[in-house]
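Taking it in order: structure first as structure tokens, then the write-up.
Each reported figure results from applying straightforward, stated rules to the coordinates on display, with no laboratory input. On a predicted model such as this, the values are computed, not experimentally measured, just so you know. In this analysis, Cβ positions are derived from the backbone assuming ideal geometry, glycine residues included, and neighbour counts consider all displayed protein chains.
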Ligand SMILES: Cc1cc2nc3c(=O)[nH]c(=O)nc-3n(C[C@H](O)[C@H](O)[C@H](O)COP(=O)(O)OP(=O)(O)OC[C@H]3O[C@@H](n4cnc5c(N)ncnc54)[C@H](O)[C@@H]3O)c2cc1C
């Protein structure tokens, strides 16, 4: 395909869509982005802002199915599944269970590690090329444990990181922990510090920055809802609420909303959503030195601009149910116990839809029935982190080139 004759439409202006759009534009293609709302309208807007390159372990770990029922018993706990959604959700859960078997877990860890390494190197190139270093915080991440037993329960995960060459510093005792982050409750006796973790000052500003570069180089972002994709032999037609559009190739990057469009062209994929909650506190709420993670409680605390964002949790409830902001409040109450000096006044609550696959791996591949449609969605908890690497793989697919990592684990066909 001659680049000058090819026009590419990216559906979705989240961090994934815009990262793909910029990468393709820089490869010489004419690119247009369509979004029903605008730039960073959904999950990419309010996430925790972490480039969590050290998180190579899939969520479906061996033994998780024994722990999960305990978490589900607490209606405002870190994991929830409304009864009314349980039947609809069962097939996803079955696949999640299968993904937690040792063989699949090890495969997914290898794939995740390769995508993380690619994403980190692509992100560093991107930061340099758009001169965005001032938007990046290189302050690492501190995972906190309450007592020896809690710490020991996480040993396998820490060892796995070290085995992948990730630097993990183990801290024991309040003084050692305070040398990285003062002001934590003394209930935390052990911690693991991963210096390679990075954060962006604000995830919405990051996507807006990508959009700005894309538009300054001639890219177009149009508000339109795509209702149907029709691949043909020489082009792809999109039916939108603004009329029909035709492209040489289409990138489907609609996050948690990608499933119906993929299904309409023959791919029934187990994409669901893990809804997450947070509260953003204004400047001065807490003197945060690093990104804090509380693994036993399923939430994190990160700096967003000059404020602090407290959030996490996983709620399986689909795309239609209204948010239950008691979850955000529960996390904030816990954060106050863990960081006694946290000022919880004047917070803004938010809920976002993580686009999640049961094996924690995104779908980055051609549609099964047309090479003219390329999928890039399903990044779950790690879409910001994996955005630059995913865009590189999409560019390779469009150019018909080999990639520097194995793309097979990300194929849409893995669920056939
Ligand atoms: C609480 C929380 C914390 C998180 N923290 C982190 C973190 O620290 N680090 C990290 O890496 N990830 C994190 N994530 C995950 C991350 O936010 C997502 O993986 C990522 O934002 C997904 O990006 P996306 O572009 O695929 O989807 P989205 O950002 O959801 O974008 C999808 C876009 O598609 C558009 N769209 C949908 N349907 C249509 C249609 N039919 N036509 C046109 N447009 C359409 C939507 O308007 C939207 O703009 C977090 C998520 C949550 C909820």
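So here's what we get for this one:
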item: The chain: calculated mean residue ellipticity at 222 nm from DSSP helix runs of at least 4, using -39500 (n - 2.57); result: -10500 deg cm²/dmol
item: Most mobile listed residue (240, 279, 385) in the chain, GNM with C-alpha springs under 10 Å; result: 240
item: Taking only Cα atoms of segment 206-306, radius of gyration then Dmax in Å; result: 19.7, 58
item: Highest average packing first - 184-193, 51-60, Cβ atoms within 10 Å; result: 51-60, 184-193
item: Percent RCO, i.e. relative contact order, over segment 89-210, from Cα pairs under 8 Å lying at least 6 residues apart; result: 31
item: Cα gyration tensor shape of segment 365-416, rounded if a/c is under 1.5, else prolate or oblate by comparing a/b with b/c; result: oblate
item: Packing-based exposure ordering (other Cβ within 10 Å, fewest first) of 302, 19, 100, 129; result: 129, 100, 302, 19
item: Diffusion coefficient, µm² s⁻¹, Stokes-Einstein with Kirkwood Rh over alpha-carbon pairs of segment 1-140 at 4 °C and 1.567 mPa s; result: 69
item: On Cα atoms only, tilt of 15-26 relative to the major axis of the chain in degrees; result: 50
item: Order of 106, 42 under a 10 Å beta carbon neighbour criterion, fewest first; result: 106, 42
item: 0 to 90° range, to nearest 10: angle between helix 203-216 axis and the chain longest Cα axis; result: 30
item: Per-residue Cβ neighbour rank within 10 angstrom, fewest leading, 357, 93; result: 93, 357
item: On Cα atoms only, tilt of 102-129 relative to the major axis of the chain in degrees; result: 80
item: C-alpha center-to-center spacing [segment 248-320, segment 32-48] in angstrom; result: 12
item: Percentage relative contact order, the chain, counting C-alpha pairs under 8 Å, at least six apart; result: 25
item: Volume of the Cα convex hull of the chain, divided per residue and given in Å³; result: 134
